[in-house]
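Participant: Structure provided below as structure tokens; questions to follow.
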Amino acid sequence: MANHSLALRHQFDDVEQQKDASTFGMWIFLATEVLFFGGMFCCYTVYRSAYPAAFGHASNHLDLILGAVSTAVLIFSSFTMACAVNSASTGARNALVAFLGITILFAAAFLVIEMSEWRMLYKEGLMPGFNFTYKEFDPGHVQLFFCMYFAMTGLHASHVTIGIGILAIMAFRAWRGAFGPDYFTPIEISGLYWHFVDLVWIFLFPLYYLIARHLQG
Amino acid sequence: MITATVETRDNYLNHEYGVKSWLLTKDHKRIGLLYLAAITFFFFLGGIFATVIRLELLTPPGDLVSAQTYNKLFTLHGVIMVFLFLIPSIPATLGNFLVPLMIGCKDLAFPKINLLSWYIFMAGGACVLYAMLQGGVDTGWTFYVPFSTSYANTYVILTGVGIFISGFASILTGLNFIVTIHRMRAPGLTWFRLPLFIWSMYATSLIQVLGTPVIAVTILLVAVERGFHLGIFDPALGGDPVLFQHLFWFYSHPAVYIMVLPGMGIISEIVSVFTRKKVFGYRFVAFSSVAIAVLGFLVWGHHMFVASQSVYASLVFSFLSFFVAVPSAIKVFNWTATLYKGSISYDTPMLYAFGFIGLFTIGGLTGTFLATLGFDVHVTDTYFVVAHFHYIMVGGTLMAYLGGMHYWWPKMTGRMYPEGWAKLSALVVFLGFNLTFFPQFIMGYLGMPRRYHAYPEEFQVYHVLSTAGASVLAVGYLIPAIYFVWSLRFGKIAPDNPWNASGLEWQTTSPPPPENFEITPVVTYEAYDYSILEEMKVG
């Protein structure tokens with residue numbers, strides 16, 4: 001089984017073509033992901049420009065510290081993912097497994113932080129559909145803000161969860177010795193996916209947490 | 001003698017036997033046939049809904065079914081025909097079968113993902129069927145909010161989830177094609193030696209990959225809003241229902257080109273072979289496919305001329321909609337120019353191609369009527385629109401699909417279809433189609449609104465004509481269904497290249513071996529170069 005993945009699959013002429021096709025396929029998949037999130041970013045943009053005041057008020061109910069910490073955690077996991085790809089290319093098996101493990105841990109930490117933020121919002125009555133009791137400034141459009149917030153961070157969190165699953169499979173296969181310096185395409189394209197997931201958060205964080213900070217004071 | 005060798009030859013159909021060998025196959029040719037079986041089922045299911053709709057409309061009062069049932073009928077007809085038949089029709093069946101054969105490789109780049117896409121499609125289809133059996137859905141295939149999110153009492157979420165899931169099958173097919181066409185062409189097969197079918201599949205795949213995620217996320221938001229009573233598109237909470245329409249049509253207009261571009265590719269192949277000429281202006285036809293894919297993303301606003309869109313936005317969308325007619329017209333003119341001084345033979349695929357060119361022209365020209373702001377305001381939501389898009393989708397895509405099925409049937413099955421019956425059915429389909437849908441242009445222009453189950457008496461004559469045509473059309477579709485199945489057992493054994501075509505798919509055996517080609521072909525000539533066939537015979 002371990003040697004199976006080294007083999008050239010029958011539809012390809014050579015290893016180079018196989019690797020090329022897999023990487024290219026992943027980039028195209030990421031293009032579909034950009035448009036997948038793009039639909040929601042489009043909604044956000046339309047509503048934010050229509051109701052800037054309500055979005056500003058709502059934004060200040062989010063916990064900047066939690067948001068910043070989770071951003072840092074996620075960026076660090078991207079770094080360890082890059083280290084994992086590098087270890088794979090040099091054939092350092094133990095380092096590869098270790099870096100994948102750390103990446104998974106940080107991804108899980110991100111989810112824990114996000115869940116605590118959601119829990120907090122639920123308790124404050126800012127979770128539309130479940131517990132929404134906000135009555136202060138323009139409650140209708142504040143609710144719209146939180147609908148978009150939960151839809152977008154929820155979609156992102158589902159991607160993080162899928163990412164953890166993929167990385168766990170990769171770590172298991174790496175531990176079994178499936179990869180070497182001549183074959184680590186799965187690690188590389190999992191890395192592409194993981195960096196993409198991070199990148200989405202890099203847009204979500206300022207759009208939800210930072211953009212109205214100046215209104216607070 | 002020939003029969004004996006064909007019978008014993010190893011091919012993708014007799015290489016393995018048993019249900020398991022089909023359900024776990026990674027062979028693009030078998031997956032194409034799996035899709036064929038699935039979409040044929042959905043086509044006839046959607047056809048049954050259309051039949052009941054036409055029967056209801058035979059008489060002015062709403063007497064056969066209730067208004068609510070009628071709403072469900074046209075919704076299910078639309079949902080099934082658009083998402084479960086037309087979108088996968090040509091790409092997932094003929095495309096799956098032909099793309100690797102035409103570019104001279106052993107399989108698609110990702111065979112497992114290809115099989116996965118079929119299972120995803122079936123899961124999506126099963127959701128829609130389950131919703132149908134539970135009691136259906138009545139929002140129309142467009143799922144406009146706030147009706148779909150707040151008022152409809154039918155299975156909106158379940159149907160939406162079905163469409164969401166089947167969308168991923170479409171994305172994966174497109175992704176597979178793009179990578180395969182980029183990376184796996186046979187030696188010497190440069191971009192400008194590719195058959196035009198491949199160009200059109202490439203353009204189609206671009207739309208599938210870039211458009212489908214947007215409808216997926218839009219349907220997801222509708223389902224979430226309905227399920228958790230959120231307010232994303234709900235005007236009561238400041239949400240914007242028109243935003244939903246923007247997102248919906250951003251996919252659903254380009255989706256029209258997912259349906260018709262592969263058809264155009266088939267017509268290019270057929271017109272060339274049955275005139276024995278290169279397609280006139282090859283590069284223009286090739287690039288017009290890409291141009292349609294790109295411009296198709298910029299015209300969605302023409303669905304919203306009366307939906308509170310600003311008049312300036314409407315002007316721009318109107319202009320761009322006219323613009324997309326240019327590459328479409330390039331194709332029609334170039335096919336016509338290819339016919340000029342060609343030695344034309346009138347086999348069944350060519351009859352369908354003639355049907356396509358004529359009907360697509362009518363559908364396309366009435367599209368420019370609808371792109372005209374003043375005229376569109378007059379006929380919005382009337383049968384004029386219904387007739388227009390059926391001319392494109394049924395008169396265009398379905399004619400091309402049937403033409404392609406006849407053209408490649410010998411390659412797919414190793415059997416010829418009965419030519420006489422096939423010609424008859426092509427004629428019946430053409431007549432039945434026009435009788436069904438041409439009267440709808442007139443009644444739409446006179447003011448008959450779409451989606452009504454009862455109507456004033458002065459429209460009855462058109463509805464009677466239309467229903468009569470629909471029954472002729474149904475016969476036209478049943479005849480091929482019967483003789484295709486018949487030919488599997490009793491059809492003449494097909495030669496490897498029955499049409500004397502020059503494409504790579506004809507240089508391998510009929511049906512092809514599991515690996516497509518015994519030796520990877522090397523291409524030294526342009527597409528549709530029929531002189532090369534003479535050289536091959538001499539050589």
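The values are calculated or read from the model by the stated rules, or taken from the named source; none is laboratory data. The model shown is predicted, which means the values in this text are computed figures rather than measured ones. Please note: Cβ atoms are built from the backbone with ideal geometry, for glycine as well, and neighbour counts cover all protein chains shown.
Participant: Could you check, for segment B:123-133, whether at least one of its residues is surrounded by 21 or more Cβ atoms within 10 Å (Cβ to Cβ), of a type in the set (Phe, Trp, Tyr) and more than 14 Å from every other protein chain (Cβ to nearest Cβ)?
Facilitator: no
Participant: Ok, one more. Taking segment B:218-230, which residues are within 7 Å of chain A (Cβ to nearest Cβ), closer than 16 Å to A:PHE146 by Cα and crowded, with 24+ Cβ neighbours inside 10 Å?
Facilitator: Result: B:LEU221, B:LEU230.
Participant: State whether the residues of segment B:376-395 include one that is among the aromatic types (Phe, Trp, Tyr), surrounded by fewer than 21 Cβ atoms within 10 Å (Cβ to Cβ), at pLDDT 95 or above and part of a helix (DSSP H, G or I).
Facilitator: Scanning segment B:376-395 turns up at least one residue that is among the aromatic types (Phe, Trp, Tyr), surrounded by fewer than 21 Cβ atoms within 10 Å (Cβ to Cβ), at pLDDT 95 or above and part of a helix (DSSP H, G or I).
Participant: Within segment B:257-266, is even one residue touching a residue at least 12 places away in the same chain (Cβ under 8 Å), among the aromatic types (Phe, Trp, Tyr) and buried (at least 24 other Cβ atoms within 10 Å of the Cβ)?
Facilitator: yes
Participant: Here's something else I'd like to know. Being β-branched (Val, Ile, Thr), touching a residue at least 60 places away in the same chain (Cβ under 8 Å) and either within 11 Å of B:SER252 (Cα to Cα) or at the interface with chain A (Cβ under 9 Å from one of its Cβ atoms) (or both) is the filter here; which residues of segment B:195-211 pass it?
Facilitator: Listed by number, the list holds a single entry, B:ILE207.
Participant: How about segment A:158-168: which of its residues are touching a helix residue (DSSP H, G or I) at 6+ places or on another chain (Cβ under 8 Å) and within 14 Å of chain B (Cβ to nearest Cβ)?
Facilitator: Of everything in segment A:158-168, just one residue is touching a helix residue (DSSP H, G or I) at 6+ places or on another chain (Cβ under 8 Å) and within 14 Å of chain B (Cβ to nearest Cβ), namely A:HIS159.
Participant: Within segment B:327-366, which residues are in a loop (DSSP other than H, G, I, E, B) and out of contact with any Ser or Thr (no Cβ under 9 Å at 6 or more places or on another chain)?
Facilitator: Selection gives B:TYR346, B:ASP347.
Participant: At pLDDT 95 or above and facing chain A (nearest Cβ under 7 Å), is that true of B:VAL214?
Facilitator: yes
Participant: Another question, then. Which one is nearest to the other protein chains (Cβ to nearest Cβ), of the residues in segment A:12-29 that are surrounded by fewer than 19 Cβ atoms within 10 Å (Cβ to Cβ) and assigned to a loop (DSSP other than H, G, I, E, B)?
Facilitator: For segment A:12-29, the residue satisfying everything is A:ASP13.
Participant: Another one. I need a count of the residues in segment A:155-179 that are small (Gly, Ala, Ser), surrounded by 14 or more Cβ atoms within 10 Å (Cβ to Cβ) and more than 17 Å from A:GLY101 (Cα to Cα).
Facilitator: 1
Participant: What number of residues in segment B:526-536 are over 30 Å from the mean Cα position of the chain (by Cα) and touching a residue at least 60 places away in the same chain (Cβ under 8 Å)?
Facilitator: Of the residues in that region, 0 qualify.
Participant: Still on this structure: Go through (1) within 14 Å of chain B (Cβ to nearest Cβ); (2) under 25 Å from the mean Cα position of the chain (by Cα) and name the single condition A:ILE113 misses.
Facilitator: For A:ILE113, the failing item is (1).
Participant: Just a yes or no: is a residue in segment A:75-82 facing another protein chain (nearest Cβ under 8 Å), crowded, with 16+ Cβ neighbours inside 10 Å and within 28 Å of B:LEU172 (Cβ to Cβ)?
Facilitator: So far as segment A:75-82 goes, no, none of its residues is facing another protein chain (nearest Cβ under 8 Å), crowded, with 16+ Cβ neighbours inside 10 Å and within 28 Å of B:LEU172 (Cβ to Cβ).
Participant: For A:LEU192, state whether it is in contact with a Pro (Cβ under 9 Å, 6 or more places away or on another chain) and farther than 21 Å from A:SER70 by Cβ.
Facilitator: Spelling it out, it is not the case that A:LEU192 is in contact with a Pro (Cβ under 9 Å, 6 or more places away or on another chain) and farther than 21 Å from A:SER70 by Cβ.
Participant: Does segment A:53-71 include one or more residues that are buried (at least 17 other Cβ atoms within 10 Å of the Cβ), within 14 Å of chain B (Cβ to nearest Cβ) and touching an Asp or Glu at 6+ places or on another chain (Cβ under 8 Å)?
Facilitator: So far as segment A:53-71 goes, yes, one or more of its residues are buried (at least 17 other Cβ atoms within 10 Å of the Cβ), within 14 Å of chain B (Cβ to nearest Cβ) and touching an Asp or Glu at 6+ places or on another chain (Cβ under 8 Å).
Participant: So, one more: So which residues in segment B:231-255 are more than 7 Å from chain A (Cβ to nearest Cβ), assigned to a helix (DSSP H, G or I) and over 16 Å from B:MET304 (Cα atoms), if there are any at all?
Facilitator: B:PRO235, B:ALA236, B:ALA255
Participant: Against the condition in a helix (DSSP H, G or I), within 14 Å of chain B (Cβ to nearest Cβ) and at pLDDT 95 or above, how does A:PHE41 come out, does it pass?
Facilitator: It is true that A:PHE41 is in a helix (DSSP H, G or I), within 14 Å of chain B (Cβ to nearest Cβ) and at pLDDT 95 or above.
Participant: Please pick out the residue among B:VAL179, B:VAL161 that is away from chain A (no Cβ under 14 Å) and touching a residue at least 40 places away in the same chain (Cβ under 8 Å).
Facilitator: Result: B:VAL161 is the single residue among B:VAL179, B:VAL161 that is away from chain A (no Cβ under 14 Å) and touching a residue at least 40 places away in the same chain (Cβ under 8 Å).
Participant: A further question follows. Output the residues belonging to segment B:329-339 that are without any contact (Cβ under 8 Å) to a residue 60 or more places away in the chain and either in contact with a helix residue (DSSP H, G or I) (Cβ under 6 Å, 6 or more places away or on another chain) or not polar (S, T, N, Q) (or both).
Facilitator: Matches in segment B:329-339: B:ALA329, B:ILE330, B:VAL332, B:PHE333, B:ASN334, B:ALA337.
Participant: For B:LYS341, state whether it is under 22 Å from B:TRP199 (Cα atoms) and of a type in the set (Lys, Arg).
Facilitator: Judged against the criteria, B:LYS341 is not a match.
Participant: Could you check segment B:1-110 for helices (runs of 4 or more DSSP H) lying wholly inside it with 2 or more residues that are modelled with pLDDT under 95, surrounded by fewer than 17 Cβ atoms within 10 Å (Cβ to Cβ) and in contact with a strand residue (DSSP E or B) (Cβ under 8 Å, 6 or more places away or on another chain)?
Facilitator: Filter on segment B:1-110 gives B:2-8.
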